[in-house]
Amino acid sequence: MINKLLKTFALLLLLPFLFISCKKYNPSGTPPDVLTGSSWEEVPQRAYSKRISFENGGNFSIQFRNQDNQYWATVMSGKYSISEDKLTVNITSNVEKSSTGKTIKSTPENFLLFDKDRFVIENSVLTVNYLTYPADGPVPTVAKFNRLIPID
């Protein structure tokens, strides 16, 4: 009886250590980032809207839509990665659609979306600072995106 009581007491003492020492299982082996699983819409709205999505497996997409069009006119997709405050997005395909939603043209691509960028998230706003290259040379550019909250 005392032997059984000691075993039960020892088990109860070890149980909290088992729960504390367990860590989350991450099958990919890479740490999750702050952007995975999120979608963002550019602010302020212009003649067209831009929506970016960061998906599992490092997949990325950006959609462009005219304000008078209910379909996404252009969808670019590719891969993204994060290293500290640097966001690297490599676009690998470009799909253009008509106003009815039919695919007009699908082309493979290979270019970086943001060049020499830094990003920060504050108050559900993603700010990306990067360089654009108009004819007169590189220009520092800022893009701001509001987080889209999914409603199920």
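The values are calculated or read from the model by the stated rules, or taken from the named source; none is laboratory data. Nothing here was measured: the structure is a model prediction, and the numbers come from that model. Note that each Cβ is placed from the backbone with ideal geometry, even for glycine, and that neighbours are counted across all protein chains shown. Each accessible area value is taken on the protein alone, full model and side chains, heavy atoms only, with ligands, DNA and RNA left out. Shrake-Rupley method; radii C 1.70, N 1.55, O 1.52, S 1.80 Å.
A Förster distance of 25 Å, applied to the separation of the beta-carbon atoms of Tyr133 and Glu109, puts the FRET efficiency at 0.90.
Could you check how much of the accessible area of the stretch 34-148 is carbon and sulfur, as a whole percent, using a 1.4 Å probe?
On the way: 3380 of 6710 Å².
In the stretch 34-148, the share of accessible area belonging to carbon and sulfur is 50 percent.
Straightening the chain between Asn66 and Thr88 buys 5.3 nm, computed as 0.36 nm per residue apart minus the Cα-Cα spacing.
Using the 1.4 Å probe convention, the accessible area of the stretch 34-148 works out to 58 Å² per residue with neighbouring protein chains retained.
Inter-label distance, Val120 to Val43: 1.6 nm, where each label sits 7 Å from its Cα along the C-beta direction.
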